[in-house]
Every structure is written in structure tokens, then in C-alpha cells.
Amino acid sequence: MSKVEFSRGLEGVIVAETGICSIDGAKGKLYYRGYHIEDLLQERDFEDVSFLLYFGELPTTVQRNMFCEFLCKTRVIPQTLIDAVQRMPRSLHPMEVMQSLVPMLTNVPVDMSSVQKLFSDFGLDGDSCGRDLALISQIGCLTSMVYRSYHGKSIILPHDSLGHAANMLYMMSGKTPTQNETKAFDQCLSLHAEHGFNASTFTARVVASTLAPTVSAVSAGYGALFGPLHGGANEKVMQMVAAIASPEHTETWIKQRLKNKEKVMGLGHRVYKTRDPRANAIETLLEVVSEEHNNTTNITILRIIEKVVRENLGDKPIHVNVDFFSGSVYEQLGIPPTFYTPMFGAARVSGWIAHVREQRSDNRIYRPGALYIGPTPRNVTL
Ligand SMILES: CC(C)(COP(=O)(O)OP(=O)(O)OC[C@H]1O[C@@H](n2cnc3c(N)ncnc32)[C@H](O)[C@@H]1OP(=O)(O)O)[C@@H](O)C(=O)NCCC(=O)NCCS
């Protein structure tokens, strides 16, 4: 009998058509709706990137103003939800807290007055699209509130005159961030906003394919993103850097890990067979903030890790990925490791909702098959 072929981890399996994101894994190129990520970073902010992902085009000035006003007006978290944030057990990881709280956003009223024209211009149903897009600002606020609560601090309400990235930083620290801090965080959000059919986005699409609400898809996305093989890797990278502690110990530490056949977090990727372009961009951000804060230990350790892994696994295409440098940028912004993946989630919500919309536009429920290897039919009675 011929052996039935299947693909472990769905590698190489095409499950849908998409117009949102394309990746050239061999060349290390990433495009959002046809725009190269590096060009977007130079010219546009997270608000424009979120608009592009959802609507398919970059906004005109008028559209951008409408959209930014909408995002600002939807930074509303009702008191019942703030109470829920504060009652969450501290034993839960903030990613578990986010996964639990997101469905509670279902009934939060959304002020759509500023975007009705925008939706009609794009021929979209204002009500459901407005609710989906409001998740970007609601989740930004919720993440910052969870951060405050987790650290035993009082909740800070949103600041109307700040953009999305600056407002999130303000709601976490209580201080208006500098221009460099805002730019670094904004670019981290844009770089994490979308990445094709990764595990959490695919999860969100599977949930959306059952016609469950967007909040259920996004909440499920959080569950998938939490794992250390996906979004949780940036937290693990920083635990590794803390364990290594100094540049002198790095080479021996990494060589020992490789000898034990353990993975080095922040390296390797299913799609990229060269350096992840997002890692290039984040390394540049890290260089700037490290020099500004006069703290270059992490970047030195990380560069040694990369060199040692490349020297020892040179025959395998294992290169640094998006999670390798991002934790260190967050650290320079005063954000602790437990909140690195929640920052990733606050960015990725833009990608998830764009995919949910795309999934719904040509839906068929996902239901793959599997190769059964269990017992042959047998009787319950002896
Ligand atoms: C991202 C990742 C899950 C991709 O997984 P994958 O495509 O299923 O690849 P595999 O885990 O099968 O790895 C293929 C080979 O490379 C090795 N490898 C992959 N990533 C490695 C890493 N970070 N460190 C050391 N070796 C690694 C594996 O041990 C395996 O070797 P083998 O063929 O001798 O068994 C994987 O590279 C990984 O676990 N990386 C660390 C976690 C991480 O940084 N995740 C964030 C992704 S953005």
C-alpha cells in the first residue's frame, strides 16, 4: 500500500488566496499590500499601516484625518471593563488576561460619526467594519490598562491629542514620550502588524470561518500568539539575555545550548531562509535607542549570539527573526519582558481584523483531514 503523504505543520500547503501580505522568504522581503515594509516605515505610521491593511489602499489626507479621529474617539473602555481588568488574578500572564478580556469589548458602544463617509467610499458595511476597526484603539488602551493594573498602579485614561503609539506609551508610564521613543514604538507596531498566514492569523481566520464574531477570532489569535514558538519568543530572548548577563559569557552559553540540541530563541523561521527584514529594521531602532540611553550591553550580547549561531549552524538557514531584537527595544522604553508579547498583540490586531474581513469576503469553513493512525475498529464488550 502506498504511504499517504501529509504536511506536518501544514508546511507548503496553500489554504487560501490573500491580497494582504506577501513574503519573499529567500530574499528576506516583506510587503503589505504591495508596499515594501521599509518604504512604509520611512513614510508612514501605524495608523496609515492599519488603514492600508484593512482598506487595501493608503489613506488620502482627508481619509487619514477621518480615520485618526475615529481611532481617537474609540479609545473608550467602560468602567465595567476597567473593573474586570483590575480584578484579573496576577497569577495570569497578561496574554491570558488579554485573551479573556477581548470578548468583553463586544458591547462597547462605538462612535462611528467620523467614518460613515469613509465606509461608504469603500462600499463597506459601516457597523461591522467600524466595530472591527475600533478594536485597534480599544485593544491599545486595554493593553496599557492591563500593564498598569499588573504593576499595582492606577489606571491612566487616554490622551486625546496623542497618536496611537504615543498614547499607548503615555497610558503605561504616565509620561508623554519623546519623539524618538514614539518613533521607535510606532515602528515596532508597524513591523508587527501583519505577517501573512502565521499561526495566530491562521487561527483567527479559522475562527472567523465558522462565522463567529471578530472578537472571538481576535481572542483566539491571542491564544496562538502567546506560545514561545510564535509571539512569546521575544520574552524568551530577553530571559536568555538576562541569563547570559555579559558579553564575555555569551559564546560559551550559546555553544552549550546548541550542544544540548536546544533551540536559541529569536532565530529560525518557517518562511525566511535569510535574515528577517523586520529584524534588520528593529536592530537599527535598537542601535538608536541603546546609544540614546547609553546602554549597549544587550545589543552587544545579541550580536554575539547571532554570530555564534551562524558559525555553528552555518549549514542550516537559521537566521534572526522579528523577535530577536524587539524585546531589547521595549526594555529601553521601560516595558518589562512579560509585556513584550502583549505589545506584539496590540500591533497584530490590525492584521487579524484585515484577515477576518478577507476571510468573510469569500468564506468556506476550514476543515482539514488527518491521517488516522489509531486502533482499527474494535468492540466495547469483551
Ligand atoms: C520559528 C520556528 C518555530 C520554525 O519552526 P519550523 O519551521 O518547524 O522549523 P524546525 O523547528 O523544524 O527547525 C528545523 C531545523 O532547524 C533547527 N532550528 C530551528 N530553529 C532553531 C533555533 N532557533 N535554534 C537552533 N536550531 C534551530 C531545528 O532544530 C531543526 O533541526 P533538525 O532538522 O536538525 O532537527 C523555529 O525556528 C523555532 O522554534 N525558533 C525559535 C522560536 C522563535 O524564535 N520563534 C519566533 C518565530 S517569528
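The table that follows gives values for the structure above.
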| read-out | value |
| --- | --- |
| Meets criteria (farther than 22 Å from G196 by Cα, surrounded by 14 or more Cβ atoms within 10 Å (Cβ to Cβ) and under 28 Å from the mean Cα position of the chain (by Cα)) for L285 | yes |
| Failed item in (1) more than 14 Å from the ligand (Cβ to nearest atom); (2) under 27 Å from E11 (Cα atoms); (3) not small (G, A, S), with N294 passing the rest | (2) |
| Single condition V115 does not satisfy, out of (1) buried (at least 21 other Cβ atoms within 10 Å of the Cβ); (2) at pLDDT 95 or above | (2) |
| Qualifying residue in the range 253-271 (condition: outside any loop (DSSP other than H, G, I, E, B), farther than 15 Å from V309 by Cβ, within 15 Å of the ligand (Cβ to nearest atom) and not aliphatic (A, V, I, L, M)) | no |
| Among the candidates S328, S350, residue that is touching a residue at least 12 places away in the same chain (Cβ under 8 Å), more than 10 Å from the ligand (Cβ to nearest atom), more than 30 Å from R131 (Cα to Cα) and not aliphatic (A, V, I, L, M) | S328 |
| Residue list for the range 189-207, filter: assigned to a loop (DSSP other than H, G, I, E, B), more than 12 Å from the ligand (Cβ to nearest atom) and under 13 Å from A16 (Cβ atoms) | F197 |
| Test: T210 is open to solvent by less than 20 Å² (accessible area, probe 1.4 Å) and away from the ligand (no atom under 11 Å from the Cβ) | no |
| Failed item in (1) β-branched (V, I, T); (2) modelled with pLDDT of 95 or more; (3) within 21 Å of G345 (Cβ to Cβ), with V76 passing the rest | (2) |
| Filter pass, S100 being among the hydroxyl-bearing types (S, T, Y) and free of Cβ contacts under 8 Å to residues at least 12 places away in the same chain | no |
| Count of the range 308-325 residues which are part of a helix (DSSP H, G or I) and either closer than 13 Å to L258 by Cβ or near the ligand (Cβ under 10 Å from one of its atoms) (or both) | 7 |
| From the options T300, T338, T274, T284, residue that is assigned to a loop (DSSP other than H, G, I, E, B), polar (S, T, N, Q) and more than 11 Å from the ligand (Cβ to nearest atom) | T274 |
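The values are calculated or read from the model by the stated rules, or taken from the named source; none is laboratory data. All values derive from a computational prediction rather than experimental measurement. Neighbour counts run over all protein chains shown; Cβ positions are idealised from the backbone, glycine included. Ligands, DNA and RNA are excluded from the accessible area calculation, which covers all protein heavy atoms including side chains. Shrake-Rupley method; radii C 1.70, N 1.55, O 1.52, S 1.80 Å.
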